[in-house]
Amino acid sequence: MKNSFTHNLPDNKGYFGEYGGSFIPPQLESIMAEISDAYDAIVQEESFLEELNDLYQHYVGRPSPIFHAKNLSAKHGAQIYLKREDLNHTGAHKINHCLGEALLAKKMGKTKLIAETGAGQHGVALATAAALVGMECDIYMGEVDIAKEHPNVVRMHILGAKVVPVTHGLKTLKEAVDAAFEAYLTDPVNQFYAIGSVVGPHPFPKMVRDFQSVVGNEARQQIQTMTGKLPDHLVACVGGGSNAMGLFSAFLDDESVAMHGVEPAGTDIEVTGKHAATISKGTPGVMHGFKSYMLQDEGGEPSAVYSVASGLDYPSVGPQHSYLKDIGRVQYATASDQQAIDAFFELSRTEGLIPAIESSHAVAHATVVAQNNPGSIILVNLSGRGDKDIDFVVDQYGKDYGIG
Ligand SMILES: *Cc1c(COP(=O)(O)O)cnc(C)c1O
């Protein structure tokens, strides 16, 4: 299946309405412009698109199927379909943009890929891509996440990447982003900062979205083949927002398709530091090089955030999501830790699919959408599989589900 990278947003300065842009130190301006130009040129090249599509097919295992979750559907009164990104090589959607970024970096003559990681999924996907294209790879990761996501840390080591522990602040994703950015500034000529979601300065929100748009482009054809129609609802979890943008981007012009982005409500959505529901609870501001909704204190500093899903606990969100919220095209809802864990076990026990805790937030909200819209067709992005989460979930919540 061909990628089509035809979207009218962002504008040439990287703005989606008032959001996005590029708020970076002066020494990075020419570097970012170079990346932007290289990207715009490379996506016009037939050979690049062929190479990427060949890897999607033979390396990642694309197209990922759509599965009609009949048991879950019967339980909740609507037709629920799952886009099976959990079946991808490395277990989640992130490999889609990591391969694109690694190929671009390689063609630009860079020698080292660097990145932050939360759940470890972006780190594993990037370390995988680095091994494949033959580049060095440094992954910055908070100490808390290193402890929680041990199997992914081991995978990165096996793949030949260096995992750099981040020991300040809350020792999670936000601090890892800061540390990776600092390291990037020391040598932006030879290093390529492969941002892990639709965030960061222009052109990353556009570029990562375009690489992820393969998800929506496939799903749009697949659901019509299976049901004869477009879906009534799309549901995807939103951390930085890349799996959601990947799915949503193919349907933005289809007015009949409602879209739901699901943010993590953590343990208490009313209390700062106990959730990471950026769009639902945040206000516009600038951090990490771009303007978007963010969870911030009175001084404009990012707030502490939390979610049971390491991949969702980020205090900002992709700028296109902020734009889509303001124009009312996408509805943003939340699912709590407990709702996500319930959905994790529900999907495991009704369909035999163990979802990532991140994806479980989308599954949780899909059951709410189903109950509110009986008989409708709901397409959920199952962004990743839960293998990485099983020890943590059983340790923390197993008793409630008859384990241990
Ligand atoms: C990283 C991750 C997410 C969150 O990232 P987005 O950029 O919001 O998609 C969601 N699901 C899984 C499985 C992940 O690994």
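The values are calculated or read from the model by the stated rules, or taken from the named source; none is laboratory data. Predicted, not measured: the structure shown is a model, and the values here were computed from it. Every residue, glycine as well, gets a Cβ built from its backbone with ideal geometry; the counts of neighbours run over all protein chains shown. All accessible areas refer to the heavy atoms of the entire protein, side chains included, with ligands and DNA or RNA removed. Shrake-Rupley method; radii C 1.70, N 1.55, O 1.52, S 1.80 Å.
Examine the stretch 110-128 for a residue that is assigned to a helix (DSSP H, G or I) and more than 16 Å from the ligand (Cβ to nearest atom), and state whether such a residue exists. No, there is no match, as no residue in the stretch 110-128 is assigned to a helix (DSSP H, G or I) and more than 16 Å from the ligand (Cβ to nearest atom). Residues that are open to solvent by less than 30 Å² (accessible area, probe 1.4 Å) and assigned to a strand (DSSP E or B) within the stretch 276-289 comprise 285, 287, listed in sequence order.
Restricting attention to the stretch 136-156, the residues that are open to solvent by less than 30 Å² (accessible area, probe 1.4 Å), at pLDDT below 90 and either of a type in the set (Lys, Arg) or not in a helix (DSSP H, G or I) (or both) total 1. Of the residues that make up the stretch 68-79, is at least one surrounded by fewer than 23 Cβ atoms within 10 Å (Cβ to Cβ), out of contact with any strand residue (DSSP E or B) (no Cβ under 8 Å at 6 or more places or on another chain) and aliphatic (A, V, I, L, M)? Yes, the conditions are met somewhere in the stretch 68-79.
Under the condition of being within 11 Å of the ligand (Cβ to nearest atom) and either outside any helix (DSSP H, G or I) or in contact with a Ser or Thr (Cβ under 6 Å, 6 or more places away or on another chain) (or both), the residues counted in the stretch 91-109 number 3. Inside the stretch 298-330, residues that are modelled with pLDDT under 95 and more than 25 Å from residue 120 (Cβ to Cβ) make up a count of 4.
May I ask you to verify whether residue 273 is in a loop (DSSP other than H, G, I, E, B) and open to solvent by 10 Å² or more (accessible area, probe 1.4 Å)?
Numbers: in a loop (DSSP other than H, G, I, E, B): yes; open to solvent by 10 Å² or more (accessible area, probe 1.4 Å): yes.
Judged against the criteria, residue 273 is a match.
Only a single criterion out of (1) part of a helix (DSSP H, G or I); (2) modelled with pLDDT under 95 is not satisfied by residue 404, namely (1).
Among the residues of the stretch 230-264, the one identified as among the acidic types (Asp, Glu) and crowded, with 24+ Cβ neighbours inside 10 Å is 263. Given the condition without any contact (Cβ under 8 Å) to a residue 24 or more places away in the chain and open to solvent by 40 Å² or more (accessible area, probe 1.4 Å), answer yes or no: does some residue in the stretch 111-126 qualify? Checking the stretch 111-126: not a single residue is without any contact (Cβ under 8 Å) to a residue 24 or more places away in the chain and open to solvent by 40 Å² or more (accessible area, probe 1.4 Å).
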